[in-house]
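Only the coordinates and a few stated rules stand behind these numbers; no lab work does. Remember, predicted model here, so these are calculated numbers, not experimental data. Cβ sites come from the backbone with ideal geometry, for glycine too, and all protein chains shown count toward neighbours.
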Amino acid sequence: MDRRFITLHALATRLGLPRRFLREQARRGVIPYLLVGGRMRFEESAVCEALRRQAAQPADAGTEGEHAR
């Protein structure tokens, strides 16, 4: 099993997404991460899969206001 874990900065760079967005998604439990020495580490393939699942879910009527901010 070859699993590589990368930093938040590296993940943001590779995915072209803001670090703040990824950090928030991790804290909300949307994307998986490990805490190593108090710092978040991510497996890129697992994060991509989690984001794909999140994007495929129909919009919740209760969360529409969040996107309008």
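Can you pull the one-decimal nm distance between simple spin-label points at Val30 and Thr13, each 7 Å off the Cα toward Cβ?
Inter-label distance under the simple model: 2.4 nm.
Nearest 0.05, what FRET efficiency do Arg23 and Gln54 give at R0 = 22 Å with Cβ-Cβ as r?
Details: r = 15 Å, r/R0 = 0.69.
The formula returns an efficiency of 0.90 here.
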